[in-house]
Amino acid sequence: MVLSTPNRPHADEALLLLEDGTLFRGRAVSPGTRFGEVVFNTSMTGYQEVLTDPSYRGQIVVMTQPHVGNYGTREINAESARPWVEGFVARRFTEQPSGLDPEESLPAYLQRWQVPAIDGIDTRALVRRLREHGALRGVVTSERTDVDALTAELANFPTMEGRALVDEVTCEAPYDVAAEGEPNGDPLHLAVYDFGVKQNILRSLAGRGVRLTVLPARTPAADCLALGVDGVVLSNGPGDPQPLESIVEAVRELIDGEAAKPLPVLGICLGHQLLGLAAGGDTFKLKFGHHGGNQPVREVASGRVAITSQNHGFAVAPDSLPDGCEVTELNLNDGTVEAFRLAGRPVLSVQYHPEAAPGPHDAAPVFDRFLDLCRERR
């Protein structure tokens with residue numbers, strides 16, 4: 001199947017090819033060629049946060065919002081030092097931004113960072129195909145037209161299942177983040193495992209007066225515990241959690257530590273999945289994942305609903321969780337596990353993003369609940 005936009009000059013044409021042979025023709029907004037898993041994001045805003053979220057490593061992102069780039073880009077909006085998406089797709093990228101002091105247009109930003117991007121395609125048809133068939137491998141290119149050869153390469157390109165990508169996005173060495181706000185003689189000190197941590201997780205914690213030590217993904221549990229921290233945060237990150245066996249073992253050591261004074265642990269997104277595996281559960285690949293800022297989550301006990309930001313392609317299998325592990329929140333769209341707790345342990349585990357930039361902020365109190373656990377331990 002070939003879906004194209006008419007009256008496009010050949011000189012600036014780009015292709016998006018899916019592994020099932022579906023071909024979209026559009027405009028090359030930023031040149032290049034990249035392969036990846038094609039997923040869609042339903043956020044109305046926050047495209048720069050999407051681009052710079054390390055959890056998108058290995059993925060080509062399609063925005064369902066038809067006009068993307070309206071307010072340009074600003075360095076302060078970035079979730080990391082660089083974009084991580086393999087490619088970016090929209091119905092229309094805005095060339096001339098407006099808004100609060102844009103520093104650079106989105107097309108110029110994509111070009112500067114050499115992120116291949118295509119617009120002018122029927123993103124509704126593309127998203128319907130992804131919803132029907134699930135996330136598919138794809139390639140976006142402005143440099144090649146050899147569709148048969150690209151299709152053969154796609155067939156050999158690895159799927160997301162089994163891919164351990166955290167080593168490609170984690171920090172190389174530990175570093176500290178100072179507490180913000182009014183001086184506190186003895187602020188809480190947390191260790192943050194960087195599996196692809198978003199900057200707003202660090203800002204959200206430091207802004208609550210907490211001192212942070214950010215650790216590389218494969219830091220042994222003993223090294224973390226030697227810091228004498230008041231709690232541990234397991235961050236978001238890309239890829240499949242199941243190949244991360246040594247990291248799962250480190251998480252297990254953290255939650256199975258001293259019984260008399262267990263260490264509070266907060267898992268976010270991939271961190272939540274790693275906690276599920278460490279507790280004895282299992283994970284599975286979602287059909288097309290949860291990517292966007294409008295995911296409804298219901299608290300089982302109260303029935304309270306929060307609208308959350310999410311970005312993940314794997315989930316914890318509810319029937320796999322052992323006794324003593326209670327599911328506390330569920331996704332209202334598909335019933336998947338959004339949070340669980342461990343009996344007798346100060347563990348908070350959430351699939352969604354409480355730091356959500358640019359929003360929504362319904363889930364932000366998760367940080368306050370976790371810090372209360374850390375203070376109680378003191």
The lone condition residue 267 fails out of (1) farther than 22 Å from residue 214 by Cβ; (2) buried (at least 19 other Cβ atoms within 10 Å of the Cβ) is (1)
How many residues, within the range 53-86, are over 18 Å from residue 102 (Cα atoms), open to solvent by 50 Å² or more (accessible area, probe 1.4 Å) and either among the acidic types (Asp, Glu) or modelled with pLDDT under 95 (or both)?
0
Return the residues of the range 344-353 that are open to solvent by less than 30 Å² (accessible area, probe 1.4 Å) and touching a Pro at 6+ places or on another chain (Cβ under 8 Å); say none if nothing qualifies.
346, 347, 348
Where residue 293 falls short, out of the listed (1) surrounded by fewer than 17 Cβ atoms within 10 Å (Cβ to Cβ); (2) in contact with a Ser or Thr (Cβ under 6 Å, 6 or more places away or on another chain); (3) in a strand (DSSP E or B)
(1)
Can you tell me which residue within the range 344-358, out of those that are under 20 Å from residue 53 (Cα atoms) and aliphatic (A, V, I, L, M), is modelled with the highest pLDDT?
350
Could you say whether any residue in the range 42-50 is in contact with a Phe, Trp or Tyr (Cβ under 8 Å, 6 or more places away or on another chain), within 26 Å of residue 128 (Cα to Cα) and assigned to a strand (DSSP E or B)?
no
In the range 190-223, which residues are open to solvent by less than 20 Å² (accessible area, probe 1.4 Å) and assigned to a strand (DSSP E or B)?
190, 191, 192, 193, 194, 212, 213, 214, 215
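To keep it simple, each residue is scored yes or no on (1) farther than 19 Å from residue 172 by Cα; (2) without any contact (Cβ under 8 Å) to a residue 40 or more places away in the chain; (3) in contact with a Phe, Trp or Tyr (Cβ under 9 Å, 6 or more places away or on another chain).
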{"position": "215", "(1), (2), (3)": "no, no, yes"}
{"position": "219", "(1), (2), (3)": "no, no, yes"}
{"position": "246", "(1), (2), (3)": "no, yes, no"}
{"position": "280", "(1), (2), (3)": "yes, no, no"}
{"position": "283", "(1), (2), (3)": "yes, no, yes"}
If I ask for residues that are more than 21 Å from the chain's Cα centre (by Cα) and open to solvent by 40 Å² or more (accessible area, probe 1.4 Å), which ones from the range 328-343 would you list?
341, 343
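Which one of 79, 37 is among the charged types (D, E, K, R), over 22 Å from residue 199 (Cβ atoms) and either in contact with a strand residue (DSSP E or B) (Cβ under 7 Å, 6 or more places away or on another chain) or part of a loop (DSSP other than H, G, I, E, B) (or both)? Full working, then the answer.
Working: 79 fails: over 22 Å from residue 199 (Cβ atoms).
None of the other options fit; the residue is 37.
Might you check whether a residue that is farther than 30 Å from residue 206 by Cβ and open to solvent by less than 60 Å² (accessible area, probe 1.4 Å) occurs anywhere in the range 170-179?
Checked the range 170-179: no residue is farther than 30 Å from residue 206 by Cβ and open to solvent by less than 60 Å² (accessible area, probe 1.4 Å).
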Could you check, for the range 157-166, whether at least one of its residues is open to solvent by 30 Å² or more (accessible area, probe 1.4 Å), of a type outside the set (Lys, Arg) and free of Cβ contacts under 8 Å to residues at least 24 places away in the same chain?
yes
Filtering the range 87-101 down to residues that are more than 29 Å from residue 23 (Cβ to Cβ) and of a type outside the set (A, V, I, L, M, F, W, C), which residue is most open to solvent (accessible area, probe 1.4 Å)?
96
Look through the range 116-134, keep the residues that are in contact with an Asp or Glu (Cβ under 9 Å, 6 or more places away or on another chain) and more than 18 Å from residue 67 (Cα to Cα), and return whichever of them is least open to solvent (accessible area, probe 1.4 Å).
129
Would you mention how many residues in the range 224-244 are open to solvent by 70 Å² or more (accessible area, probe 1.4 Å) and either under 19 Å from residue 355 (Cβ atoms) or touching a helix residue (DSSP H, G or I) at 6+ places or on another chain (Cβ under 9 Å) (or both)?
2
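This table checks each residue for (1) in a strand (DSSP E or B); (2) at positive phi; (3) in contact (Cβ under 8 Å) with a residue 40 or more places away in the chain.
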site	(1), (2), (3)
314	yes, no, yes
358	no, no, yes
369	no, no, no
373	no, no, yes
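The values are calculated or read from the model by the stated rules, or taken from the named source; none is laboratory data. Only a predicted model underlies this, so the values are computations on that prediction, with no experimental measurement involved. No Cβ is skipped: glycine too gets one built from the backbone with ideal geometry, and neighbour counts run over all protein chains shown. Note: accessible area is taken over every heavy atom of the protein model, side chains too, but ligands, DNA and RNA are not part of it. Shrake-Rupley method; radii C 1.70, N 1.55, O 1.52, S 1.80 Å.
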